[in-house]
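The values are calculated or read from the model by the stated rules, or taken from the named source; none is laboratory data. What you see is a predicted model, and the numbers here were worked out from it, not measured in a lab. Note that each Cβ is placed from the backbone with ideal geometry, even for glycine, and that neighbours are counted across all protein chains shown.
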Amino acid sequence: MPRKKKPVIEYRHYSLPIHFPVLLLSGERWKISDIKSEHLHFHNHLEIGICYSDSGIMEIKGESVPFTAGDVTFLPRYLPHTTYSSPGEASLWSYLFFSPEDLFQHSFKSAYSNFEPNLWAVLGKNCILNKDKHPMVYSLATSIVEELQQQKPYYQESAYGLLLSLYIELLRIHSTNEALTDQEAGHNLKGDFVISPALEYITRNYMLPMTIDFLADLCHLSTTHFRRKFHEMMGTAPLDFLSSTRIEEACKQLKSTEDSILEISEKVGFHSISSFNRCFSKLMGTSPKEWRKSAQSETQSAKASILEFTGWV
């Protein structure tokens, strides 16, 4: 008897523009077929989706949640999911990707420094918001897409204000929907994506020293099992992922600030300039100095790169 095929999980990494870190994916290309994918996937940024036509199913944290035209989806980063349309249909979508910390860090008070929803407490059914029940969410989301598509004068300022209003509304809705305790929610997610606590910690604290043992303990796994599960799901070792996260942040600072390379290397968590230069050159193919010179001479544009790593859920 053949063994049951295990589902594949993909990590989709989106690089956002520096000066206005919002990525819009829209158009006829973003029609979702009625073929159910065997792949779950997750992103390194928060995803907001708008369904314009037809209906279907989203699978989120083991839940099969129906969607229909007019729904807006709200998915925190690192939350595995997949989408497929109803038989014979091809739902049309637009997607917004952004990092709340990067985009709104100057708008929120310091007390709200960690204001992205904890994915452990997110229920799949609460990730899909119906237009009739939440008309403000739909209106704000579609207005943002229109601003980014049309690019009229001051469109970034307008889109920023709309995004901030939308995000606050989503946080309010989320805060009223936390029906599960952390323990119960964690139990539901654990089987699907056991390394999520480590990813969350690295994303928020990449600048701090950390060990494999510490990250494994966050996931309630032995160090050996954690190493294996992390590599299966992410296609790389935990500390290599940490290094790439630090280098990605360094690239943002090299483009957007006049800080010295030494200052940036220390801010992102490297304790010697030599190790930073070595790691940067390995990942980016050039030195930080040359990369900064080249990057600052380019016109900023949104680039989405999809890194798909095979791993077993």
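Considering only residues that are in contact with a His (Cβ under 9 Å, 6 or more places away or on another chain) and not in a helix (DSSP H, G or I), look in segment 117-163 and name the one that is modelled with the highest pLDDT. Spell out how you get there, then give the answer.
Quick first cut of segment 117-163, residues in contact with a His (Cβ under 9 Å, 6 or more places away or on another chain) only: 117, 121-122, 124, 126-127, 156.
The next check asks that each one be not in a helix (DSSP H, G or I); those that pass are 117, 122.
Working: P117: 60, V122: 68.
Across segment 117-163, the extreme among qualifying residues is V122.
In segment 9-101, counting only strands (runs of 3 or more DSSP E) that sit wholly within it, the ones holding 3 or more residues that are within 29 Å of Q156 (Cβ to Cβ) and among the aromatic types (F, W, Y) span 91-98.
Counting the residues of segment 203-228 that are over 20 Å from the mean Cα position of the chain (by Cα) and in contact (Cβ under 8 Å) with a residue 40 or more places away in the chain gives 2. Pairing each residue of segment 142-161 that is within 18 Å of G27 (Cβ to Cβ) with any residue that is in a helix (DSSP H, G or I) and charged (D, E, K, R), provided the two are 6+ apart or on different chains, yields C-beta distances under 9 Å for Y155/E147; A159/E147.
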